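Beneath this line is the structure, given in structure tokens, with notes to follow.
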Amino acid sequence: MIKLILSDMDGTLLDSEGKLPPEFDAVMARLRERGVLFAPASGRQYDSLAATFARYVDTFLFLSDNGTMVRRRGQELFSNVMDRRRALEILDHAGGRPDIISVFCGKKAAYLLRSEKPERYMDELAKYFREIRLTDCFAAVEDEPIKTSFFTPAADAAEKLYPLMRPYADSMQVVLASAYWVDVTNQGANKGMAVRKIQERMGLCPEECAAFGDYMNDKEMLESVYYSYAMENAYPEIRKTARFTTRSNDEHGVMWQIGQLLDQGLC
């Protein structure tokens, strides 16, 4: 019996316009009646997720920043903090390159360099980070780094950003998060690690968990549950990783599939 359902946001739960499915509240009400916990699991900042799900902030479990920050009812359950010197080294490695925006993702906020002129892309950046602060130097930031992120407006992260960060792949988790983003965290720090900690904390087994995803930062999460679903629009390797496939994000596949699970008595 499924007791926990996790879902990625962009390309998965949200449609191509970044909107929640119209039937979201009705499906959440059905899950609540069955005692099933819903958990957004995203590369987005916690404050961004909390704003999107304002009416559920005291009921959902939130896996933000690719699983490096997990909170419930506003309280931190656990986090995965990077070595500060290492984080600054990685951020510096991408510094000064044209059309790359570097983000120091801290517990309190996301920090952007004024010199990179991030205001050019603020509409896009604000989708992922609600609490944003500008700085002249990452070394001056007084916060704990949980992730470093890199954005390219040309949607060529696989060609531009991933090779740039590949030198760190032996010692850090380097993941292609979307066509626009590459994220770097501690080795082993990912959504799957967070799911396994939650399972241990709540006494759940993989057969009691379902997850939905579409991109490479969802891979470990899908591997950590039995009911793993790739969206019809998912990255090819994610379609191979998941045990099942569901409708695309624009067809509201997450909501449709949860409805099927409910109707089949699996929740």
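Checking the structure you have, find out if any residue of region 52-68 is under 14 Å from the mean Cα position of the chain (by Cα), open to solvent by 30 Å² or more (accessible area, probe 1.4 Å) and of a type in the set (Asp, Glu).
Restricting attention to region 52-68, the residues satisfying the condition of being under 14 Å from the mean Cα position of the chain (by Cα) are 52, 61-68.
So of that shortlist, the ones also open to solvent by 30 Å² or more (accessible area, probe 1.4 Å) come out as 52.
Those left that are additionally of a type in the set (Asp, Glu): none.
Checked against the condition, which is being under 14 Å from the mean Cα position of the chain (by Cα), open to solvent by 30 Å² or more (accessible area, probe 1.4 Å) and of a type in the set (Asp, Glu), region 52-68 yields no hits at all.
Restricting to region 178-198, what's the tally of residues that are among the acidic types (Asp, Glu) and assigned to a loop (DSSP other than H, G, I, E, B)? Even if it seems obvious, please write down each step before you answer.
Taking region 178-198 and keeping what is among the acidic types (Asp, Glu), we get 183.
From what's left, assigned to a loop (DSSP other than H, G, I, E, B): none.
So the count comes out to 0.
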> List the pairs whose first member sits in region 98-118 and is of a type in the set (D, E, K, R), whose second member is open to solvent by less than 10 Å² (accessible area, probe 1.4 Å) and part of a strand (DSSP E or B), and whose Cβ atoms are under 8 Å apart, counting only residues at least 6 apart or on separate chains?
Replying inline: Lys107/Met69; Lys107/Ile146; Glu116/Ile101; Glu116/Ser102
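Within region 152-166, which residues are outside any loop (DSSP other than H, G, I, E, B) and in contact with a helix residue (DSSP H, G or I) (Cβ under 7 Å, 6 or more places away or on another chain)? Break it down stepwise before answering.
Start the filter on region 152-166 by keeping residues that are outside any loop (DSSP other than H, G, I, E, B), which leaves 161-166.
Matches in region 152-166: Leu164 only.
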> Which one of these does Ala177 not meet: (1) open to solvent by 50 Å² or more (accessible area, probe 1.4 Å); (2) under 24 Å from Val225 (Cα atoms)?
Replying inline: (1)
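Any residue at all in region 167-177 that is over 19 Å from Gln45 (Cα atoms) and in a helix (DSSP H, G or I)?
Here is the first cut: in region 167-177, the residues over 19 Å from Gln45 (Cα atoms) are 167-172.
Going one step further and asking which of them are in a helix (DSSP H, G or I), we end up with 167-168.
Checking region 167-177: at least one residue is over 19 Å from Gln45 (Cα atoms) and in a helix (DSSP H, G or I).
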> Among the numbered criteria (1) at pLDDT 95 or above; (2) within 26 Å of Ala234 (Cα to Cα), which single criterion is violated by Ala140?
Replying inline: (2)
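The values are calculated or read from the model by the stated rules, or taken from the named source; none is laboratory data. Keep in mind that this is a model prediction, so the values were computed, not measured. When we count neighbours, we look across all protein chains shown, and the Cβ atoms used for this are built from the backbone with ideal geometry, even at glycine. These area figures cover heavy atoms from the full protein model, side chains too; ligands, DNA and RNA do not enter into them. Shrake-Rupley method; radii C 1.70, N 1.55, O 1.52, S 1.80 Å.
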